[in-house]
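To start, the structure itself, in structure tokens.
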Amino acid sequence: MVVYGFEPIGFEGELVTVEVDLRRGIPSVDLVGLPDSAVKEARERIRAAIRNSGFQFPLERMLISLAPAGVRKGGASFDLAMAIAVLVASGQIPDVGFPVVALGELELSGRIRPVAGVLPAVSAGLRSGIPYFVVPRANLREARALAGSAALAIDGLSDCVRLTAALRGIGSAEEFGPRDDLENQPAGGFSQPGADQAFRETTEYGDMADIRGQFSLRRAMEISAAGAHHMLLFGPPGVGKTMAARRLAGLLPDLDDDDALVATMLHSLAGALPERSGLLRRPPFRSPHHGASAEGIVGGGRCRKPGEISLAHGGVLLLDEAAEFRADVLQSLREPLEDGHVTIARADRVVSYPSRFMLVLSCNPCPCGNLGRRGAVCLCSPDEIRRYWKRLGGPLLDRIDIRVPVKPAGPSELASGPGEASATIKQRIVAARILQGRRYEGLPFHVNGRIPASGIDKFCGLGEQAAAVFVEKAEHESFSSRACHATLRVARTIADLESAQAIESRHIDEAFALRKYGDDDVFWLIP
Ligand SMILES: [Zn+2]
């Protein structure tokens, strides 16, 4: 019986063979195969856990080998694989006769704690033809998220005897049977997926009904969500920009199977998957603080984990007070915006994580925040305002198709009652996404927001009248070619929201209004 652990490397990782050799001699434990300090400490944890679980720790010379030796092993998730290998080698639990991947961190009592990276390990196991996994109970749903995985939950090392019997049962059966039958202990605490989802949507995102008035903001959000267009929200502090960005994620359709798997893997690698979670189906919303470390936002570094920009994969990444973020962090967004992944150079190798998100930048209109605010005085000079906006960086801002000034809601807007609810708006968005999905079938992109420059003519072609309106407006606003492309993509989305085949001049008018801010000195609607 070969016991495997798993070492994540970037988005993927490697199965690690754990072998134990026992010989007569002075009792000792040697650990070889590039273990880091956390893995080395496992020797003491395993010794205590084995004893406290009713087994004997072998009083012999013990060699534990982790292979391949060239891969550096980190973290405590190897504890369980090593403990099982020791128990098998010393004949205290039977050899099941086929390979098993075991993941879990041991407490001294023998209890097993949940670990990060279970889903990537299951994926790696299945790719290598190993369908048998032993995982901490809190990771069980995650481990069973992929078809073909026969995963069993373990609460403590003392379960090993029961577990090997169960594994033998599965291994000898022709079929694994319904996957939920594999667990022979009450699940406890599992709720229905549907119920989970409703709970998350109302608590995590909030509802659009909470946004009173703000009609142009609401409209811009609907368009942005329908076509997955990146968005800039600017306006004085306290007008609800953050509140809006959070609700934008709630407007997005559920993740498709591919994105759900990728998003769940990334959360698993970062140790950010909620306990007892299966596949993540709702788009994530991430909002890192501008004071957070570049490692935390971009990923990699010493923690060797995906960062916020990868955790936002499939969902919304909000950079609140965007101009306050470090220039290198803002720069690092260019690669994911362009290619949908981020590459991080580490000391020993280069890793890459998927990172495709809708970017929402939110910022004040000027350093003091008062520009455009009624009854307030902005003391910033035009130069200061220009420098402030420059911090966002032209190349980054260039990729933002929709730029919306957000003003405080007036008294009549506040008294207008609740706005349209997220669920209703989402229906229109889903319908528009279905049209896009059909149009872009078989292509590497499937939303208007990602039409590459080379596809603009084909997918955003204009009739004669619309073309005349477009040219006139583009000349009047002296739009760059990037700005023209952005406008056409957004116009396509506006037409899709109406299920209109052709882009009409009214779609173009609206798209221009959503793109005019942020270039040159157009930072605020001059009254
Ligand atoms: Zn100001």
Check your understanding: Roughly what angle does helix 37-52 make with the longest principal axis of the chain, taking Cα atoms, 0 to 90 degrees, to the nearest 10?
Key -> 50
Check your understanding: Helix 464-476: angle to the longest alpha-carbon principal axis of the chain, degrees 0 to 90, nearest 10?
Key -> 90
Revision key, fill the gap. Amide H contacts under 5 Å for G307, restricted to residues at least 5 apart in sequence or on another chain and with H modeled in the peptide plane, are G299, G300
**Study point:** Unit charges at the beta carbon, dipole of the stretch 195-313: most positive-side option, A244, H229, L261
**Key:** A244
Point to revise | Other-chain or far-sequence residues with amide H under 5 Å of I93's (modelled H) | key: V88
Point to revise | Estimated dipole of the chain in Debye, rounded to 20 [Cβ of Lys and Arg +1, of Asp and Glu -1, Cα centre] | key: 720
Check your understanding: Shape of the stretch 195-416 from its Cα gyration tensor (a ≥ b ≥ c, root eigenvalues): rounded if a/c is under 1.5, otherwise prolate when a/b > b/c, or oblate?
Key -> oblate
Exercise for review: Under 1.5 on a/c is rounded, so check that first for the stretch 210-290, then, if it is not, pick prolate when a/b is larger than b/c and oblate when it is not; a ≥ b ≥ c are the square roots of the alpha carbon gyration tensor eigenvalues.
Suggested key: prolate
**Study point:** About the Cα centre, charge dipole magnitude for the stretch 3-182 (Lys/Arg +1, Asp/Glu -1 at Cβ), debye
**Key:** 340
Check your understanding: When you count, for each residue, the other Cβ atoms within 10 Å and take the mean per peptide, how do 440-448, 495-503, 144-152 rank with the highest first?
Key -> 144-152, 495-503, 440-448
Review point. Counting only pairs 8 or more places apart or on different chains, how many lysine pairs in the chain have C-alpha atoms closer than 27 Å?
Key: 17
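If R0 is 41 Å, what FRET efficiency do you get for I26 and D348 from their C-beta distance, rounded to 0.05?
That pair, I26 with D348, gives E of 0.70.
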**Study point:** For the chain: rounded, prolate or oblate by the Cα gyration tensor [a/c cutoff 1.5]
**Key:** prolate
Review point. How large is the helix-only mean residue ellipticity at 222 nm for the chain, computed as the sum of -39500 (n - 2.57) over DSSP H runs with n ≥ 4, divided by its residue count, in deg cm²/dmol to the nearest 500?
Key: -11000 deg cm²/dmol
Practice item. Report, to the nearest 10°, how far helix 257-269 tilts away from the longest principal axis of the Cα atoms in the chain, using its own Cα long axis and a range of 0 to 90°. Key: 60
Exercise for review: Report the equivalent ellipsoid semi-axes for the stretch 447-527 in whole Å, largest first, defined as the square roots of five times the eigenvalues of the gyration tensor built from alpha carbon atoms.
Suggested key: 21, 14, 12
Point to revise | Cα-centred dipole magnitude for the stretch 1-76, charges only on beta-carbon of K, R (+1) and D, E (-1), debye, nearest 20 | key: 380
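A short reminder: the numbers here are calculations on the coordinates, not readings from a lab. Predicted model only: the values in this text are computed from it and were never measured. Neighbour counts run over all protein chains shown; Cβ positions are idealised from the backbone, glycine included.
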